[in-house]
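The values are calculated or read from the model by the stated rules, or taken from the named source; none is laboratory data. Predicted model only: the values in this text are computed from it and were never measured. No Cβ is skipped: glycine too gets one built from the backbone with ideal geometry, and neighbour counts run over all protein chains shown.
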Amino acid sequence: MRTLFFFVFILITSSLSAQDWKTYFESSGGLKTPGYDETIAYCYKLSEASPLASIKNIGFSPQGREIPMMIIDRDGLTDPQSIRAKGRIIVLVEACIHPGEPDGKDAMLMLLRDLLIDKIQKDLLENVSILFIPIFNVDGHERFGQYNRINQNGPEEMGWRTNSQNLNLNRDFLKADTPEMQQWLKMFNNWLPDFFIDTHTTDGADYQYALTYGIETFGTLDSGLTRWLNNIYEPRVSSKMKESGFPIFPYVMFRKWHDPRSGLRTGASPPMLSQGYAAFQNRPALLIETHMLKDYKTRVEATRKMIEHTLSILNHQAATLKTLINMADVSTAAPGFRSQKYPVLIKSSTKDSTMVQFEGFDYKAVKSDLTGGDWFIYDNTKPVTMTLPFFNKTYAAVETLLPAAYIIPAEWSLIAERLRMHGIKISRLTEATEVVVKSYKFRDFDFRKTSYEGRQMVTTAYDEIEETRKFMKGSYVISMEQRTARVIAAALEPASPGSFVEWGFFNQVFEQKEYSESYVMESMAREMLVKDPELKKEFEMKMSSDKNFSTDQEKILNWFYSKTPYWDNRLAIYPIGKIYDNASLSGLRKISVAVD
Ligand SMILES: [Zn+2]
């Protein structure tokens, strides 16, 4: 009797507890995602119930919300040093950088519950400790509603793409304009996760795959880590996902938008994006993009499987990955890294492709009688295997020899501050000095007409220059002998996609500040032509060859102004200098102190 009573008691409490631990998503039958309060409360409930889990706050959003991060370690350790001392690697999983795409949040809450409470799949924590950010964009998440994602099939309500300042956090990794990203970078550089998973839902054409993925294998990531992604991680995760009933394909664009038969293309991601940024930090990363038209439950399940399989592979590969990352960090800081040309701009080939099988849906393009444009009509009852050209080869479109150091004038402290956020070590001059630097003179620059992420971006060509410049006390010296050398080049080489120049950090450098009065210049120009026959020849040539010029008085007179000694010789000159000479760098070291 007593045994029976005990048995019934156990049955009741265990069923109650299973009920208790159901996630909001599960209780809704896979139709809904929880709001911020429910999500964070569940994370705290997990961490209170399990000695393996704890929570740290990354920081605060512009609207004052906390951005919590869970730390899950088999011994309940809570800092990177103690975890690494145990030989484990650290994996960061992030959800809701785009809160309209919350799949990763619901997938991880279930996975962590199974790990921590039901103690299933505990081997996933054997050699790996997990950092989990359930909601990175917390303010955007609370702009909750039914109408935030017009193309997407669930959940019933969801958050908004951008933060409360209407900025997209997944364009902000390198420029770091938002408070959220500035605090994220602090966390990232403290933990330096060995692998980073960022979870999304994609828009675009319709096809069979519930999940596509992005990994950086196009030349931005260290070659050892790239080979590991290509030869170990990718084939393994791909076959495990297929076994789980979720065949996957690389995250691709179509050569013609919405038209898979036009061919597939992919390429290097710039450091403004999550997985792109991690590569510049010598860390492999995985971008998960579930497909918008698959129902929410399917997408969450696919995301969960992809994370589970990735964690499983990482557990087996922990020692190898650790060694490769260490080698990448050491070789990036070594002089050899700068002894050959560095690919500043990597482009995708438009000619070189391989044929691949793509699991699509049959579709037709009809001429729209409403808009006159192409209307792609997909028939998701007709799956078809297409054999398509995949343009996945890349080449270095701009290369440069990286310097021994960059030097930033004292007055450009904003640039130095942003660089420090990336874990870049900087020192400052304790006295003014003259240095021979290489730098750039910009030409043919063009400003984007519409604002992008609150900035006016600029594209520019340039010529390399070499000159002696005076740098004032307090100027910043950034040695390339550090593991973050790729991040430094990404920010400071103007041709790098999403460089600080391109983002508009230096826009005032392109502005002419003094002008000649036309009646002054009209007479001065005449005198110049009489005095200088070479100038006269040049002028006549320009007048006969350039109609935009020859019909514009202002341009003509400004041209003459540019030939006078009054012209601003610092116009369109890059303020950042590059130091190649080791002797002058060691000279600078003697008159500089590290910034901590
Ligand atoms: Zn997204």
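Residues that are of a type in the set (A, V, I, L, M, F, W, C) and in a loop (DSSP other than H, G, I, E, B) were ranked within the stretch 396-448; the one that is nearest to A594 (Cα to Cα) is I426. Got at least one residue in the stretch 205-227 being under 20 Å from the mean Cα position of the chain (by Cα), within 16 Å of the ligand (Cβ to nearest atom) and among the small types (G, A, S)? Checked the stretch 205-227: at least one residue is under 20 Å from the mean Cα position of the chain (by Cα), within 16 Å of the ligand (Cβ to nearest atom) and among the small types (G, A, S). Evaluate the stretch 29-42: report whether one residue or more is in a loop (DSSP other than H, G, I, E, B) and among the aliphatic types (A, V, I, L, M). There is at least one residue in the stretch 29-42 that is in a loop (DSSP other than H, G, I, E, B) and among the aliphatic types (A, V, I, L, M). Checking each residue in the stretch 464-482 for being buried (at least 21 other Cβ atoms within 10 Å of the Cβ) and under 30 Å from the mean Cα position of the chain (by Cα) picks out S475, Y476, V477, I478, S479, M480. The selection criterion, being away from the ligand (no atom under 16 Å from the Cβ), touching a residue at least 12 places away in the same chain (Cβ under 8 Å), among the aliphatic types (A, V, I, L, M) and touching a strand residue (DSSP E or B) at 6+ places or on another chain (Cβ under 9 Å), does not hold for I232. Which of the helices (runs of 4 or more DSSP H) found entirely inside the stretch 490-581 contain at least 2 residues meeting this: under 19 Å from D444 (Cα atoms)? Of the helices (runs of 4 or more DSSP H) lying wholly inside the stretch 490-581, those with at least 2 residues that are under 19 Å from D444 (Cα atoms) span 533-545, 547-550, 553-562.
Here is a check on your reading of the model: is K305 charged (D, E, K, R) and part of a helix (DSSP H, G or I)? Yes. Filter the stretch 521-547 down to the residues that are touching a helix residue (DSSP H, G or I) at 6+ places or on another chain (Cβ under 9 Å), under 25 Å from A572 (Cα atoms) and of a type in the set (A, V, I, L, M, F, W, C) and list them by number. Of everything in the stretch 521-547, those that are touching a helix residue (DSSP H, G or I) at 6+ places or on another chain (Cβ under 9 Å), under 25 Å from A572 (Cα atoms) and of a type in the set (A, V, I, L, M, F, W, C) turn out to be M521, M524, A525, M528, L535, F539, M543. Within the stretch 463-483, how many residues turn out to be in contact with a Ser or Thr (Cβ under 9 Å, 6 or more places away or on another chain) and either part of a strand (DSSP E or B) or hydroxyl-bearing (S, T, Y) (or both)? The qualifying residues number 12.
Apart from one condition, S269 fits all of (1) assigned to a loop (DSSP other than H, G, I, E, B); (2) touching a strand residue (DSSP E or B) at 6+ places or on another chain (Cβ under 8 Å); (3) surrounded by fewer than 20 Cβ atoms within 10 Å (Cβ to Cβ); the exception is (3).
Selection of first residues in the stretch 46-68 that are under 21 Å from S82 (Cβ atoms) and of second residues that are at pLDDT 95 or above and among the acidic types (D, E), restricted to Cβ pairs under 9 Å at least 6 apart or on distinct chains, gives the following pairs, ordered by first then second residue: P51/D75; L52/D73; L52/D75; A53/D73; S54/D73; N57/E66; I58/E66; I58/E180. Of the residues making up the stretch 186-202, those that are away from the ligand (no atom under 16 Å from the Cβ) and either free of Cβ contacts under 8 Å to residues at least 40 places away in the same chain or closer than 20 Å to N326 by Cα (or both) number 9. Quickly run through the stretch 1-47 and pick out the residues that are at pLDDT below 95 and β-branched (V, I, T). Passing the criteria: T3, V8, I10, I12, T13.
If only residues of the stretch 38-78 that are in contact with an Asp or Glu (Cβ under 7 Å, 6 or more places away or on another chain) and within 16 Å of L169 (Cβ to Cβ) are counted, the one that is surrounded by the fewest Cβ atoms within 10 Å (Cβ to Cβ) is Q63. Taking (1) within 16 Å of the ligand (Cβ to nearest atom); (2) farther than 30 Å from G504 by Cβ in turn, I97 satisfies each apart from (2). Selection within the stretch 273-289: residues that are within 11 Å of the ligand (Cβ to nearest atom) and outside any helix (DSSP H, G or I). The member of this set that is surrounded by the most Cβ atoms within 10 Å (Cβ to Cβ) is I288.
Being of a type in the set (V, I, T), surrounded by fewer than 18 Cβ atoms within 10 Å (Cβ to Cβ) and not in a loop (DSSP other than H, G, I, E, B) is true of I377. Is one or more of the residues making up the stretch 119-127 touching a residue at least 24 places away in the same chain (Cβ under 8 Å) and crowded, with 21+ Cβ neighbours inside 10 Å? Among the residues of the stretch 119-127, at least one is touching a residue at least 24 places away in the same chain (Cβ under 8 Å) and crowded, with 21+ Cβ neighbours inside 10 Å, which makes the answer yes.
Of the residues K119, K175, which single one is away from the ligand (no atom under 16 Å from the Cβ) and over 21 Å from the mean Cα position of the chain (by Cα)? The match here is K119. Restricting attention to the stretch 144-165 and to residues that are within 21 Å of Y452 (Cβ to Cβ) and away from the ligand (no atom under 15 Å from the Cβ), the residue that is surrounded by the fewest Cβ atoms within 10 Å (Cβ to Cβ) turns out to be Q165. Touching a Phe, Trp or Tyr at 6+ places or on another chain (Cβ under 8 Å) and at pLDDT 95 or above: is that true of M181 in this structure? Taking the combined requirement at face value, the residue satisfies it. Looking at D106, is it away from the ligand (no atom under 16 Å from the Cβ), modelled with pLDDT of 95 or more and either within 28 Å of the chain's Cα centre (by Cα) or among the acidic types (D, E) (or both)? No.
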